[in-house]
Every structure is written in C-alpha cells, then in structure tokens.
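Read-outs: derived from the displayed coordinates by stated rules, not from any lab. None of these values were measured; they are calculated from a predicted model. Positions of Cβ are backbone-derived with ideal geometry, glycine not excepted, and every protein chain shown enters the neighbour counts.
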Amino acid sequence: KGKEDGVEAWQAACAACVLVSVKSCEIQRKVRDLVNVTFSNAQPSLPPLEVRGAFWRIRDRLIDSEHRLLKSLGFGIKPDLPFARLLNYLGALSASPQLAAAAHALLVESFSEPLLP
C-alpha cells in the first residue's frame, strides 16, 4: 500500500518493528503514543491527530503491520544470543581473562560491523 492518512507503508512497517521490540523487551508503551509519533514524523507540519477516523485507521495499519511482522518471523521474537555459548567455550578452554575479554569484545563488535570485507 502507498500513503494512507499521511503515513506511508514503510513508516507503518517501521512503527510495527518498534511496537514488536517494546513488547518483546516488556517496555510499557501505548499504541496511541506510537501512532502519534508515527504521524508526527510522517506529517511534521500538521497538528497532532485527534482520536477520530484517521487515528483509528493508522492504529489499525500499525496493528496489521505488527501481525504481519510477527507471522513472517514465525512468532519467534526472542533471538538465541551467542553470549552463553561463548562463556561455556571459554570455561571449557580455561581461557585467561584477557582472552575472554578479547573474545567478548569481538563478539559484541560482530553485531555492528562485518568482520570480513
């Protein structure tokens, strides 16, 4: 879909990602707040939405986008992070604290930067 009620499809999808992430981290955020922020980012020159037709349509789009995202992820929103595995390997190797610190730093860095060109 294109732009509906001032919010483009990609903006609704991004808002759905935020909605899923705050729910998975158990951070309390109201859907209403997310709708308002999404609309104000999409239409900064317009006044805030009133709780009327456009608000409910945007809210429904965000909820629909959230459901699609969850379905595409197979409802698996808790990733299996490698930190526990690294800790087990370091313990099995009786690694020094320096090696453990270097391995941990490399693992953390691998989340933000590709290790190989």
Revision key, fill the gap. Once C17 and L86 are pulled to full extension, the length gained, defined as 0.36 nm per residue separation minus their Cα-Cα distance, is 22.0 nm
**Study point:** Computed label-point distance, nm, for sites A100 and R29 using a 7 Å Cα→Cβ extension
**Key:** 3.5 nm
**Study point:** Selected from F83, F55, F39 as most flexible by GNM, with the chain as the system and alpha-carbon contacts under 10 Å
**Key:** F83
Review point. What residue among V37, V22, V51 shows peak mean-square fluctuation when the chain is described by a Gaussian network model with Cα springs under 10 Å?
Key: V51
